[in-house]
Amino acid sequence: MELVVASSVGVLTAGGVYLILRPRAFPVILGLALLSYAVNIFLFSTGRLAVDAPPILSKYGDAAYTDPLPQALVLTAIVISFGMTAVLVMIALGAYLESDHDKVDMTEPEDGGAAEKDRAQ
Amino acid sequence: MSGASGLLPIIAILPFLGALVPGLMIRAGRTACAMFTAAPTLLALIMLLVLAPAVMQGEVLRAEIAWLPQLGLSASFFLDGLGLLFAGMILGVGLLITLYARHYLSGDDPMGQFYTYLLLFQGAMLGIVLSDNILLLLIFWELTSLSSFLLIGYWKHLPEGRQGARMALAVTGAGGLAMIGGMLILGEIAGSYNLTDILQQGEAIRASDLYLPALILILVGAFTKSAQFPFHFWLPHAMAAPTPVSAYLHSATMVKAGVFLMARMWPVLSGTEAWFYLVATTGLVTMVIGAAIALFKDDLKALLAFSTVSHLGLLTMLLGFGTPLAAVVAVFHVINHLTFKAALFMSAGIVDHAAHTRDIKRLGGLAKLMPVTTVIAAAAALSMAGIPLFNGFLSKEMMLEEAAHTSWAGSAWAVPALATVGALLSVAYSFRFVAHVFLGPVRDDYPAQPHDPPFGLWASPALLVALVLLIGLFPAATVGPLVAVAGGAVIGGELPGYSLKIWHGVTPALFMSVIAVAGGAFLLWRHRPLDRLWNAMPRPEAKAIFDAVVGRAAAASRHLTEASHNGAITRYLAIFVAATVALGYAAWSDGGLAAPTRGLLPVPPLVAVGWVMLLVATASVVAMHRRRFQALVLVGIIGLMISAGFIYLSAPDLALTQISVETVTILLLLLALHFMPKTTPRDNGPVLRLRDAAIALVAGGGVAALAYAFLVRDFSTISDYHLANSYEGGGGTNVVNVILVDFRGYDTYGEIIVLGIAGLTIYALMEALLNGPAARRLRNTDYSTDRSRDRHPLMMVIGTRVMMPIAVMVGVYIFLRGHNQPGGGFVAGLVISIALLMQYMASGFAWAQARQQIEYHSMIGWGVVVAGLTGAGAWLAGQPFLTSAFGYVHLPPIEEFELATAMLFDLGVFLTVLGAVMLMLYSLSRIARYAGETVNVEPMDYDPSQGAEADEKEGR
């Protein structure tokens, strides 16, 4: 099971990293989503894996419980990464609507800047 | 700490407190403003005088306010003879300058600002001389650089002022940085950052291997501040400041800070060869060069500036000699230089004020027109020249006497000869100051008719000149005790035998003095040809060199910035990921890895299937990410598999949250994708893609290895506490939920605020977007081609409407059980928002919006308020913020149930989540309205119950 979880984290990370290195906004958003999954599972697994031991206190005698703290952390992390994704989507959408392309790099000078440079020379 | 020494921190803080006032009081008039500036200074001076008698008897007063004792940081102050001397000078001259500036500044100058800066500077200076902790001293040291920057650049409209201020800041700031390094080394050697401790450890510090680096770094700081060669060039350029600033900073106080520091550290650092050759040589060279340049300056203030450089060199040289007597002479000369130089600066300011020029070549003959000023300036200048009966003579004689007994690198005559040359040049420029400005025939081409100024302007210099004479005539009676106690503080031991008197008999110093005066007079007589010769000589122009260095540094940093920050965020990310992986690898290869302690859990077949699906889905997302809709669907699969994994691995809360967040995220992305390109063009070539793939694989492999490494090893956790106290302390059996709303309630409170802010940010972004060019683009783009003909199908409308109450019920159920079973405010908020989203999707935005009465903004606000008030409610019970209370209620028809304040808090979480999610959707839908989407009033595009009626409406 440990191998399953570790390999999942690795594959999600690799996919996420590859996608955030794409020069367009939408793949970057997808990549961040994959990275969020990877990070959430990673954090969750710091509590180690346990089967049939949810951290719900049992009324009937002793039961095994998994570590609840990483779960609480990851729960808020999931919600916050949703908020982050939403803001990113809006920024990407806004950038696309304003500039008519969704490239994330700013290496090519804008038209206005180039014109100004020409005038200066 | 005795009662009286408690005044020390108050003295140090008074100017800073006072600095707040002048900026406001300027509305009450200029005189009131000046008086409110003088008040804290006067108060501090009075307190200092209260403490003075004890210090004069040799006591050292200390006051300490501990701050971070672990780091050796404390606000500790101490006052000994040296501190008393400098603090007295700073406050005393500060008062005189306040008076002088009141009359000097014109009506157009913002006087409130000036006085505020002046008090800031005064506070910083006082801090330097009173600090016991060297870290505190460093802070004040930097503060003097900053406040002097403000003062030098006070006349913002003058380019010289701005450039001079920048140069002063660059040079003294750089020196300050060096000194921080030196002081830290010193503190490390001594094992304490308290000056009083460091001063006890001179032997150990001089013997340390780090002595030389510490010495050099500290000296760089002191030399830059005190304008020693080759850092002297900033001081003349700082003369663009208003004259009161020059008189205060550049004669009396700031430039003396370096001298003060050398004197303060004298018992620790002096007495070695390195000290002698570094300090004495620098001082000697500075003294001679400064005096030579001063002789050929035509600007009155430039002449005085270089003479100050020269005199600072003299002081440095005396401290550099390393003999106790020389140190005492240095202290004595500090007092004398202060009195005559401040008076001279103020006189120069008066001349400038009256004649509207400071150019010596355009002046002359002012003695008849400005008799009062002439007397003041002449007395001060004669003192600077070192003429008997004035105080400058006494310390200069003692300096020459010391120089006569000093040999430099085996040569017995080098120091005396150069010291005599310095004194000779000093006589020459002092005489020139008097002869070429005040003597000679009255001219008729002054830019303005010179006249003596009002009393307020000449009162301050007159007082100083009175001191010049008093000290000159009765040195032992006036400043004798002060010199003794301050000198004793510098030496840190027994005072050497000396006497402050005018006639010491026929000594070598007397001959040197006679040579200096005669030679100086000769130089003045031959000034004109010498001046021509000097001007014909090529000289390095410090400002040009400085500007070139700064220009090159700026160009280099711009080059570096542009080369490394070229705007390609993909490149930054690639570098960032690669560097992180490399660092991780470095850390891993350094440390050993303990053997695994945990066995592996078995993998049931179903889990294996899920795992394969996850891997395939992820690979497919990467492979077909350019087809955006398909990629989104695949992301949904990944989320689903992860939720399933959470269920299997005992995290039901996470599974619930993940699956509902998944739904909302995909819905949001689908909505956004509607307005974006549906495919991603291929921008990168195969090489770049291969590089990215390599980085991605290495990063993924690294993370997987790391995760596996800790998964097979045991760990310690603090969760046992949570498990043990969840029921008794928090009243809930769902430990995750109790952690969220109780143990770590503060974190959750922060989280929901962040989520609310995210919602509002999106709303604001849309608002800004729809008022810009994006709105035009939206209107002009035709989105109808990818729009279904039946946008609101009957089945879906009816289906979601039937499901709505069930979904809400599920939400309420999840919310209520949250404290004891998986669920809670986060999940409930998401579930209900999905239920609402379904309505919006099925029946159209306008139709759904018209049927909902609550504004989402206020829902977010209420959520935060409810959560906050619940937390604050704990205060009423005398508990800390967010302590929960709970009880069990039994109502007959229902089973016994629990009421906990944590539930109210969870309600706040619920409201915020719901409001934020819905506000995000609302914002996106507003875009749709701009994109020309028709507003549907009816829930369905085709409603069979309306029949033909609807078709008619459509047609109308």
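Among residues of segment B:548-573 that are closer than 16 Å to A:Thr107 by Cα and within 12 Å of chain A (Cβ to nearest Cβ), those with a beta-carbon under 7 Å from a residue that is surrounded by 11 or more Cβ atoms within 10 Å (Cβ to Cβ) and modelled with pLDDT of 90 or more at least six positions away or on a different chain give the pairs B:Thr570/A:Leu21; B:Leu573/A:Ile20; B:Leu573/A:Leu21.
Residues in segment A:39-64 that are over 24 Å from A:Ser8 (Cα atoms) and either at pLDDT 90 or above or surrounded by 15 or more Cβ atoms within 10 Å (Cβ to Cβ) (or both): A:Ile56, A:Leu57. Only residues that are assigned to a helix (DSSP H, G or I) and either at the interface with chain A (Cβ under 7 Å from one of its Cβ atoms) or on the phi > 0 side of the Ramachandran plot (or both) were counted across segment B:640-669, and they come to 12. Is at least one residue of segment B:604-616 modelled with pLDDT under 90, of a type in the set (Val, Ile, Thr) and on the phi < 0 side of the Ramachandran plot? No, the conditions are met nowhere in segment B:604-616. B:Phe629 falls short on exactly one of the conditions (1) surrounded by fewer than 16 Cβ atoms within 10 Å (Cβ to Cβ); (2) at the interface with chain A (Cβ under 9 Å from one of its Cβ atoms); (3) touching a residue at least 40 places away in the same chain (Cβ under 8 Å), and that condition is (2). Inclusion of B:Phe276 among residues that are more than 18 Å from B:Ser407 (Cα to Cα), surrounded by fewer than 24 Cβ atoms within 10 Å (Cβ to Cβ), of a type outside the set (Val, Ile, Thr) and in contact (Cβ under 8 Å) with a residue 12 or more places away in the chain is not warranted. If the condition is being part of a loop (DSSP other than H, G, I, E, B), among the hydrophobic types (A, V, I, L, M, F, W, C) and facing chain B (nearest Cβ under 7 Å), then segment A:42-69 contributes A:Leu49, A:Ala50, A:Val51, A:Ala53, A:Leu57. The condition of being more than 26 Å from the chain's Cα centre (by Cα) and acidic (Asp, Glu) holds for only one of B:Asp132, B:Asp80, that being B:Asp80.
Per the listing A:Val17, A:Val39, the residue uniquely under 18 Å from B:Val581 (Cα atoms), within 11 Å of the chain's Cα centre (by Cα), within 7 Å of chain B (Cβ to nearest Cβ) and assigned to a helix (DSSP H, G or I) is A:Val17.
For first residues located in segment A:2-18 and over 15 Å from B:Ala705 (Cβ atoms), partners that are among the basic types (Lys, Arg) and lie 6+ apart or on another chain with Cβ distances below 9 Å form the pairs A:Tyr18/B:Arg689. Only one of the listed residues (B:Leu151, B:Leu146, B:Leu99, B:Leu73) is touching a residue at least 12 places away in the same chain (Cβ under 8 Å) and more than 30 Å from B:Thr31 (Cβ to Cβ). That residue is B:Leu73. If you filter segment B:590-612 down to residues that are surrounded by 11 or more Cβ atoms within 10 Å (Cβ to Cβ) and part of a loop (DSSP other than H, G, I, E, B), you find that the one that is farthest from the chain's Cα centre (by Cα) is B:Pro604. In the set B:Pro461, B:Pro475, B:Pro450, B:Pro454, only one residue is surrounded by fewer than 14 Cβ atoms within 10 Å (Cβ to Cβ), assigned by TED's automatic domain parsing to the domain that holds B:Ala403, within 47 Å of the chain's Cα centre (by Cα) and not acidic (Asp, Glu); that residue is B:Pro454.
Among the residues of segment B:821-854, which ones are part of a loop (DSSP other than H, G, I, E, B) and surrounded by 22 or more Cβ atoms within 10 Å (Cβ to Cβ)?
B:Pro822, B:Gly823, B:Gly824, B:Gly844
Among residues that are surrounded by fewer than 23 Cβ atoms within 10 Å (Cβ to Cβ), in contact (Cβ under 8 Å) with a residue 12 or more places away in the chain and of a type in the set (Phe, Trp, Tyr), B:Phe114 is not included.
Does A:Val87 meet the test of being within 7 Å of chain B (Cβ to nearest Cβ), within 15 Å of the chain's Cα centre (by Cα), surrounded by fewer than 21 Cβ atoms within 10 Å (Cβ to Cβ) and in a helix (DSSP H, G or I)? Spelling it out, A:Val87 is indeed within 7 Å of chain B (Cβ to nearest Cβ), within 15 Å of the chain's Cα centre (by Cα), surrounded by fewer than 21 Cβ atoms within 10 Å (Cβ to Cβ) and in a helix (DSSP H, G or I).
Within the set B:Ala28, B:Ala34, B:Ala19, B:Ala101, the sole residue that is over 24 Å from B:Ser347 (Cα atoms) and either at pLDDT 85 or above or touching a Pro at 6+ places or on another chain (Cβ under 7 Å) (or both) turns out to be B:Ala19.
Restricting attention to segment A:20-36 and to residues that are within 7 Å of chain B (Cβ to nearest Cβ) and in contact with a strand residue (DSSP E or B) (Cβ under 8 Å, 6 or more places away or on another chain), the residue that is surrounded by the fewest Cβ atoms within 10 Å (Cβ to Cβ) turns out to be A:Pro23. Count of segment B:705-715 residues, restricted to those that are more than 7 Å from every other protein chain (Cβ to nearest Cβ), in contact with a Lys or Arg (Cβ under 7 Å, 6 or more places away or on another chain) and of a type in the set (A, V, I, L, M), is 0. For segment B:716-741, filtering for residues that are within 8 Å of chain A (Cβ to nearest Cβ) and either without any contact (Cβ under 8 Å) to a residue 60 or more places away in the chain or of a type in the set (Lys, Arg) (or both) leaves 9. For segment B:410-423, a tally of residues being in contact (Cβ under 8 Å) with a residue 24 or more places away in the chain and over 20 Å from B:Gly505 (Cβ atoms) returns 4.
Of B:Ala775, B:Ala758, all but one fail to be among the small types (Gly, Ala, Ser) and surrounded by fewer than 17 Cβ atoms within 10 Å (Cβ to Cβ); the exception is B:Ala775.
Looking only at helices (runs of 4 or more DSSP H) that lie completely in segment B:180-264, which have at least 2 residues being surrounded by 24 or more Cβ atoms within 10 Å (Cβ to Cβ) and in contact with a Leu (Cβ under 7 Å, 6 or more places away or on another chain)?
Passing ranges, in order: B:211-225, B:254-264.
With a requirement of 3 or more residues that are closer than 25 Å to B:Met265 by Cα, the helices (runs of 4 or more DSSP H) lying completely within segment B:327-430 that satisfy it span B:391-404. Any idea which residue in segment B:676-704 is farthest from B:Ile575 (Cα to Cα), counting only those that are without any contact (Cβ under 8 Å) to a residue 40 or more places away in the chain, part of a helix (DSSP H, G or I) and more than 7 Å from every other protein chain (Cβ to nearest Cβ)? Selected residue: B:Pro686. Restricting attention to segment B:41-59, the residues that are out of contact with any Leu (no Cβ under 7 Å at 6 or more places or on another chain) and modelled with pLDDT of 85 or more add up to 5.
Among the residues of segment B:483-528, those identified as surrounded by fewer than 10 Cβ atoms within 10 Å (Cβ to Cβ), of a type outside the set (Ser, Thr, Tyr) and under 52 Å from the mean Cα position of the chain (by Cα) are B:Gly493, B:Glu494, B:Gly497, B:Arg528.
The values are calculated or read from the model by the stated rules, or taken from the named source; none is laboratory data. Keep in mind it's a predicted model, so treat the numbers as computed, not measured. Note: ideal-geometry Cβ built from the backbone for every residue, glycine included; neighbour counts use all protein chains shown.
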